[in-house]
Amino acid sequence: MSIVVQKFGGTSVADPESIRRLIEIVRTARSRDGRGPAVVVSAMSGVTDALLGIAEAAGAGRLTDVLPRADALRDRHVAAALALVSGPEQAPLVARITEPFDELAAIIRALAVLREVSPRTLDVVAAMGEQLSSQVVAAALTGAGVPADWVDARRAIVTDAEHTRATPLGRETDAALAASVLPIIDAGRVPVLGGFVGATLAGHTSTLGRGGSDYSAALVGAGIGAREIQIWTDVDGMLSADPRVIASARLISQLSFAEAAELAYFGAKVLHPSTILPAVERNIPVRILNSWKPDQAGTLITADNAVRGRRLTGLASKRDVTVVDITSSRMLMAYGFLRRVFEVFERFRTAVDMVTTSEVSVSVTVDDRRHLDAIVEALSEFAAVSVEGEMALLCAVGDNLRDEPEIAARVVGVLEEVPLRMISQAASRRNITVVLRQADLPHAMQRLHEEFFS
C-alpha cells in the first residue's frame, strides 16, 4: 500500500499550536500520496506521567490532592478542543473528552477506598491520555479540511493479558487492523488512533509499556502494509551521540535496523527498541523526523547496511548501571554454575545488560535495582557477591565492526587513560561496549566522538 504511517510524539501534540503543525504535515503526505496517511499519536506531553501520578496518589488515599489534578488535565484537553474545533462539532467533542474524566473520578474514589492499584486498573488510567489526544487530533484534522476518523486503539491492537507491558498478538492484531483501519483508508479518510494502547482478547484495556506509541505505529504499518513508518518527534533524527553530553553530535542520515536496535537498547532515546521488530519482519523503512522542521530529511532506517565504509555509526550510553560480581571456586571446570546464576535473575525478573566471565567469576550489569538486595542474598547462597554502583555503559555501534576488527581495537585504544571495568563485543560483532565509572562517561564519550566523528 503506497501510504505512510505517521506517529506523532507527545511534544508534537502538546498544545493547539503543535497540533496545527501536525495537520499540515498530514495534509502534505495526503497530497503527495493521494490517500492516507494513517496517524498514530501519543498523549499530550506530560499527561501519561500525570495520570500515573494520580493513580498512585489515589491508591495512597490522597483524594484532596488528586481530584484537582484530574480537573486540570480535563481543562487542558477541553481548552485544546475549543481552540482547534469550531462549529457544530465542538460540543460533541467536548462531551467525548469530558466523559472519561467522570469515569476517572469514580476510579480515583474506588482506589482511595481499596488502597491498592492493580495493573489492570493502572492500564485503564494510563490509556486515557492517548485516547483523548487521538480524538482531539481526529476532530482537528476534519475541522481543517482533512477528513479523518477516530479509531479506538482497543479495537485495533490485540494483546496478551500482561497488563502495563502487554505483548501484541500478531495474527489477531493484523485482523483487527484490517477491520478497523483499512476501511477508513479505502474510504479516502485518515484513520487516527492513540498509540501505547490495546486490548486483551477478553476486551480489557491494556498498554504496551512506556514508549509503546512507537511500537503501535510499527504494528499499524506492518498490519496495513505501509511503505514507510514515520516517527515525528522534536529532534532532527538519531544523532551520533547524546547531544546533552556531546554538543557537536551529528545527524545519522541512514542506518540499518540492526544498528538502530543496538543504539536504542543501549540508551538512544529517540526510538523505542520494540519499534524495530514489526518493521524488520515486514521490511518497512522507518524514518525519524522533526515536526518543527518538516522539510528536513531526518534519519532513515532500512534493512540493509546503510553506509559502506563508515567506521562507526553512533555512540550510546546508559547511566545508573550496577555491576554485580559473582565469584566461586566451585565454578572452575564445573557445569551448571551459570545456570544457577541466571536463574536467580530470572526469578526476580531483572534483565542483565552485559556479561563477562573468567575461570572463577561472572560479572554482570543491571540497570534495575528494585530487587538487587534479594538477588545478592540469593546468589550469596552459593558464591561470594560484590556490588558496585554509579557505573555506566558506553557502547560504540556500527555494522562495519563485523568486517574491520581494527575498529574495535581503536575504540579501546582511544580510552587507554580511562579505567574500564568491563569490555564486551557481542556475538553479532556490531557493537563494542565498555563499563566505566559514571563520572568518567562524558570524557570517554568525548574522546570517542572526536576520534570517529570529527
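Bear in mind that the values in this text are calculations on the coordinates, not laboratory data. As the structure is a prediction and not an experimental result, all values here were calculated from the model.
Okay, here's what the table says:
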item: Rotationally averaged projected area of region 216-308 (alpha carbon convex hull; nm²); result: 6.0 nm²
item: Cα coordinate range in region 279-410, projected on the principal axes (Å, largest first); result: 59, 35, 31
item: In sequence order, calculated HN-Hα J values of region 259-269 (Karplus, 6.51, -1.76, 1.60; Hz; x Gly/Pro); result: 5, 4, 5, 5, 5, 5, 5, 8, x, 5, 8
item: Rg/Rg_globular for region 123-207, with Rg_globular taken as 2.2 N^0.38 Å and Rg from C-alpha atoms; result: 1.09
item: For the chain, calculated [θ]222 nm from helices alone, where every DSSP H run of n ≥ 4 adds -39500 (n - 2.57); result: -13000 deg cm²/dmol
item: Debye intensity ratio I(q)/I(0), log10, region 162-211, q values 0.17, 0.30, 0.32 Å⁻¹ (C-alpha model); result: -0.58, -1.16, -1.21
item: The chain, Rg to Rh (Cα coordinates; Rh as Kirkwood inverse mean 1/r); result: 1.00
item: Long-range Cα-Cα pairs in region 32-82 (distance over 13 Å), rounded percent; result: 67 percent
item: Sequence-distant lysines (8 or more away, or on other chains) whose Cα lies within less than 19 Å of Lys7; result: Lys269, Lys293
item: Spatial separation of Cα centroids for region 71-125 and region 413-454, in angstrom; result: 47 Å
item: Debye intensity ratio in log₁₀ form over the Cα atoms of region 1-122, taken at each q of 0.23 Å⁻¹; result: -1.26
item: Whole-Å semi-axes of the ellipsoid equivalent to region 176-235 (Cα gyration tensor, √5λ, descending); result: 19, 18, 9
